[in-house]
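Engineer: Take a look at this one; I'll ask things after.
The values are calculated or read from the model by the stated rules, or taken from the named source; none is laboratory data. Computed from a prediction, not measured in an experiment: that's the story for all the values here. With ideal geometry, Cβ positions are generated from the backbone for all residues, glycine too; neighbour counts draw on all protein chains shown.
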């Protein structure tokens, strides 16, 4: 057990039931859908990557050439999508290699966290300077527009919120916060006028008037809210979710798997899952606070933001509070790229926890010895 003492077993134990209920919900859609088997394979691969990465010393991520290379790779991957990307549901967001699809927007979000953690960890004392806000914003903005042009509004939104969250925790003045939101409002206006596609505008309009077109643009959100509400207190039972099984609920294995789960498990099941997600975020932040330095702390906070944003945006669109953006719910939704990305981030965090324990031990020894 000493060899795996750096693993946060509370964190890992909280994730396993979430993975389990996601698989059970997918399996209840029907034995021949194939989602259960493929997702199970991705879970095994992702957990293996998690444990493998936990034994690596990630101090090398603090080196500028390494971070620059990762950022260049992120830009290259997103640019290549416009040349050899696979178009699905109107978005050029995937690389298709044989029977395996890869969505680079997810690992790009993890790379952005590394880039921003590196940048802010070196300039945390000077973060109040507006120039640092601008430079960090340029990094995020490049990735933001490359994802938005696919078009992937949901992915671009996550990138923006990760940047905004890390800026806020890094320490920024109130006037700069006001400036950021002012620029954001202006950017949204420009996006609305010249960038957003009609169907994306329609989604936002549907959010403002959800019942205006329940048979058209508002159909997905409307069916999702019906599905969640029909679960009531204890749910209809595993395999008895009529909205999902009868295909009234679209994308029930990805975008709306939370709604399908709520229908079968009810309010009680949802509360239990919320508790598990709370434990996951708590443990990630706890490990971040015990990091060996500012870089490790900011990386952990960024990873917690990554998971929180996906969770709250997905749940929000499942219950009709947010527009439908195609964002996965962590650990539950079908999809290998996102799952592998999150477990890669968690594996890196465990690797950082491994050498953080040594760092804290050295500090305590020095204090005890009076050195």
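Engineer: Hey, residue 253 hits all of (1) within 18 Å of the chain's Cα centre (by Cα); (2) at pLDDT 80 or above but one; which does it fall short on?
Structural biologist: It is condition (2) that residue 253 fails.
Engineer: Still on this structure, I have one more. Is it the case that the stretch 12-27 has a residue that's at negative phi, assigned to a loop (DSSP other than H, G, I, E, B) and either under 19 Å from the mean Cα position of the chain (by Cα) or at pLDDT below 90 (or both)?
Structural biologist: Scanning the stretch 12-27 turns up no residue that is at negative phi, assigned to a loop (DSSP other than H, G, I, E, B) and either under 19 Å from the mean Cα position of the chain (by Cα) or at pLDDT below 90 (or both).
Engineer: Conditions: (1) surrounded by fewer than 14 Cβ atoms within 10 Å (Cβ to Cβ); (2) assigned to a helix (DSSP H, G or I); (3) at pLDDT below 95. Residue 74 meets all but one. Number of the miss?
Structural biologist: Against the list (1) surrounded by fewer than 14 Cβ atoms within 10 Å (Cβ to Cβ); (2) assigned to a helix (DSSP H, G or I); (3) at pLDDT below 95, residue 74 comes up short only on (1).
Engineer: For the stretch 272-321, give me the residue count where each residue is closer than 22 Å to residue 56 by Cβ and in a loop (DSSP other than H, G, I, E, B).
Structural biologist: Total meeting the criteria: 4.
Engineer: Checking residue 312 against (1) within 12 Å of the chain's Cα centre (by Cα); (2) more than 21 Å from residue 170 (Cα to Cα); (3) in contact (Cβ under 8 Å) with a residue 24 or more places away in the chain, which test does it fail?
Structural biologist: Only one criterion is unmet by residue 312, namely (3).
Engineer: Go through the stretch 181-249 and tell me which helices (runs of 4 or more DSSP H), entirely inside it, have 2 or more residues that are in contact with a helix residue (DSSP H, G or I) (Cβ under 9 Å, 6 or more places away or on another chain), closer than 19 Å to residue 322 by Cβ and modelled with pLDDT of 70 or more.
Structural biologist: Working: elements: 198-208, 219-230, 242-245.
The helices (runs of 4 or more DSSP H) meeting that bar are 219-230.
Engineer: What is the one condition in (1) modelled with pLDDT under 85; (2) within 21 Å of residue 329 (Cα to Cα) that residue 273 does not satisfy?
Structural biologist: All conditions are met except number (1).
Engineer: Residue 278 passes all but one of (1) out of contact with any helix residue (DSSP H, G or I) (no Cβ under 8 Å at 6 or more places or on another chain); (2) crowded, with 16+ Cβ neighbours inside 10 Å; (3) modelled with pLDDT of 80 or more; which number fails?
Structural biologist: Residue 278 satisfies every listed condition except (2).
Engineer: Looking at 136, 93, can you tell me which residue is crowded, with 20+ Cβ neighbours inside 10 Å, modelled with pLDDT under 90, out of contact with any strand residue (DSSP E or B) (no Cβ under 6 Å at 6 or more places or on another chain) and assigned to a strand (DSSP E or B)? Talk me through it step by step, then tell me what you get.
Structural biologist: Numbers: 136 fails: assigned to a strand (DSSP E or B).
Just one listed residue meets the conditions, 93.
Engineer: Looking at 301, 307, 284, 327, which one is closer than 22 Å to residue 222 by Cα and either modelled with pLDDT under 95 or within 15 Å of the chain's Cα centre (by Cα) (or both)? Can you show your working first?
Structural biologist: Details: 301 fails: closer than 22 Å to residue 222 by Cα; 307 fails: closer than 22 Å to residue 222 by Cα; 284 fails: closer than 22 Å to residue 222 by Cα.
Within the list 301, 307, 284, 327, the selection yields 327.
Engineer: Select from the stretch 77-90 the residues that are surrounded by 15 or more Cβ atoms within 10 Å (Cβ to Cβ) and at pLDDT 85 or above and list them in ascending order.
Structural biologist: Answer for the stretch 77-90, where residues must be surrounded by 15 or more Cβ atoms within 10 Å (Cβ to Cβ) and at pLDDT 85 or above: 77, 78.
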